[in-house]
Amino acid sequence: MQKAITPALTRAHLSVGHDRVAGYVVRAEDVSFATTPAQLFEVHGLGYPGTPFSPYAPSIDVLRFESSPQLQYKDVPGYIVPLWWLRHSRIPPGAELVRIFADGTQILLGHYGDVGTGWTVTQLGAQRPALASLSRCVGPVAKWHGAYLEADVVDEGNTVVLALANPPLFETDFQQSPAGRWYRRVPREEVSELFELDLTARWNGLNVRVVDQWQDAQRYVVARVSHLGDDVDRAEQLRLDRVEAGVYEAIVYAAELTDIQTNQVVPHTWAPGPAQKAWA
């Protein structure tokens, strides 16, 4: 898949290690003919109100990544290529951030390894990005040796990368990445459960996905929520922060959320044997 990335998000990915993505995406093969900022501006539909993009820009950045279980096809009449909506998700392993210039040339800005290693900046002299905080609300979660850990699935589903923010107390063979996170690669068969939580709710009448939770200084539980893309007018009325076209987020008190539903997303490629279910 391919997604145009705003300049602000490029800075977030390559400086603070932001590892999330959301919004409209297309298949990379469908837009392979678009090799200049002007062409990318058209095929990605970047002319929305308040856009930070320009067809006359010297470059536009795109994120290329493998398909995600959080993709939903969007039937948009008159759109130049098939379009998908990606719910707020952790970036899939192996993603590449590419800058495309007006003369058709391109350079690789960064490579996202997985939840254990995060971003690697490919430009000489650039500092290694920090790592974003781990969250079990977004991205795969694996049960290994009786504990649930943030994870990623690599090697065509045969290997699971387990990640910890701090060094493990009892387990061995965890490595520390250059960015500071502790991780270990294990065979898929060593993991007894593998799924992604999909925690949805309503906030002031708006359908949202809960993507982070924590306690504030007063010990109230707060949540970061991401608009699910079905009511842009309502998101605007509620003054959510607009990240880009159709992508709105806010920090709210968890007590304000209603109609909370928790699903487990289990793509067949994660199953140790024949797939039994797509959604649990």
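Given contacts defined as C-alpha pairs under 8 Å and at least six residues apart, what's the relative contact order of region 158-203, whole-number percent?
Normalised by residue count, the contact order of region 158-203 is 40 percent.
Taking the Cα centre of the chain as the origin and placing charges on Cβ (Lys, Arg +1; Asp, Glu -1), which of Gln218, Gly180, Phe65 is farthest toward the positive end of the dipole?
Gln218
Rounded to the nearest whole Å², what accessible area per residue is found for region 200-280 with the 1.4 Å probe?
Value for region 200-280: 59 Å² per residue.
Just the number please: accessible area per residue for region 21-175, 1.4 Å probe, all protein chains included, in Å².
48 Å²
Dipole magnitude of region 174-280 about its Cα centre, charges +1 at Lys/Arg Cβ and -1 at Asp/Glu Cβ only, in debye to the nearest 20?
Dipole magnitude for region 174-280 comes out near 380 debye.
Just to confirm a number: summing +1 for Lys and Arg and -1 for Asp and Glu over residues other than Gln123 whose beta-carbon lies under 15 angstrom from that of Gln123, what do you get?
+1
On average, how much area does the Cα convex hull of region 8-63 cover when viewed from any direction, in nm²?
Here the figure is 4.3 nm², rounded to one decimal.
Tell me, in nm to one decimal, what length is gained between Glu96 and Gln237 on full extension, where the rule is 0.36 nm per residue of separation less the Cα-Cα distance?
47.3 nm
Computing the accessible area with a 1.4 Å probe over protein heavy atoms, can you report the carbon and sulfur percentage for the chain?
Summing carbon and sulfur atoms, their accessible area is 50 percent of the total for the chain.
The values are calculated or read from the model by the stated rules, or taken from the named source; none is laboratory data. These numbers come from a predicted model, not from an experiment. Here the Cβ is made from the backbone with ideal geometry for all residues, glycine too, and neighbour counts use every protein chain on show. In case anyone asks, the SASA skips ligands and DNA or RNA and just uses the protein heavy atoms, side chains included. Shrake-Rupley method; radii C 1.70, N 1.55, O 1.52, S 1.80 Å.
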